[in-house]
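All remarks here apply to the structure that follows.
The values are calculated or read from the model by the stated rules, or taken from the named source; none is laboratory data. Keep in mind that this is a model prediction, so the values were computed, not measured. No Cβ is skipped: glycine too gets one built from the backbone with ideal geometry, and neighbour counts run over all protein chains shown.
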Amino acid sequence: MPLSAVSFPISQVKAVSVNAIFPDIKLLPIKKSNCTCKCIEDPATRLLEENIEESVSLSALVPLFLFENSVEFIEDVGEGIVVFSITFGTQEFQVALSTCAVTRVETLIEQKLPNS
C-alpha cells in the first residue's frame, strides 16, 4: 500500500498528544495577545495559569469524547497552549491544547465534610 500525506492548515489543529516529548516540551512564555482570538485566549490562559498543578474539568472545540466526564491535571501553560494530563482507563496521556479552543474551565473545589 503506498504511503500518502494529508495536508491541512496548522490553524485547524486544536489538540495533540505530547506523550513522546513530555516533560521535555518547552512552552513559549505568556504575553498579552494582539491576535484575533485574544478575547478568548487571554481569559482562558489566565484561568488555566492560576490552576497549574491543579485538577480541572475542561470543555473545548475538539471531539467531546476526549474530555467527556473527565478531570484534567494542568501541567503547564504557555503562549496559546495548555498542557494537561488525562487518564483513560489505566493509560495516562499528556495533551497540548490550543487555548483558543477552550470553551469552559471548571475548577474543582474539594468538598470538606462537616465534623461529626
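Data overview
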| read-out | value |
| --- | --- |
| LEU28 within 16 Å of the chain's Cα centre (by Cα), of a type outside the set (Ser, Thr, Tyr), modelled with pLDDT of 70 or more and in a helix (DSSP H, G or I) | no |
| Scan of region 66-86 for residues that are on the phi < 0 side of the Ramachandran plot and modelled with pLDDT under 90, ordered by number | LEU66, PHE67, GLU68, SER70, VAL71, GLU72, GLU79, ILE81, ILE86 |
| Residue in region 34-45 that is modelled with the lowest pLDDT, counting only those that are surrounded by 12 or more Cβ atoms within 10 Å (Cβ to Cβ) and not acidic (Asp, Glu) | CYS37 |
| Long-range neighbours under 7 Å by Cβ, at least six apart or interchain, first residue free of Cβ contacts under 8 Å to residues at least 12 places away in the same chain within region 87-103, second assigned to a strand (DSSP E or B) and small (Gly, Ala, Ser) | GLU92/SER85 |
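For (1) modelled with pLDDT of 85 or more; (2) surrounded by fewer than 12 Cβ atoms within 10 Å (Cβ to Cβ); (3) touching a strand residue (DSSP E or B) at 6+ places or on another chain (Cβ under 8 Å), each residue gets a yes or a no:
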residue: ALA5; (1), (2), (3): no, yes, no
residue: PHE8; (1), (2), (3): no, yes, no
residue: GLN12; (1), (2), (3): no, yes, no
residue: VAL18; (1), (2), (3): no, no, yes
residue: LYS32; (1), (2), (3): no, yes, no
residue: LEU64; (1), (2), (3): no, yes, no
residue: PHE88; (1), (2), (3): no, yes, no
residue: VAL102; (1), (2), (3): yes, no, yes
residue: LYS112; (1), (2), (3): no, yes, no
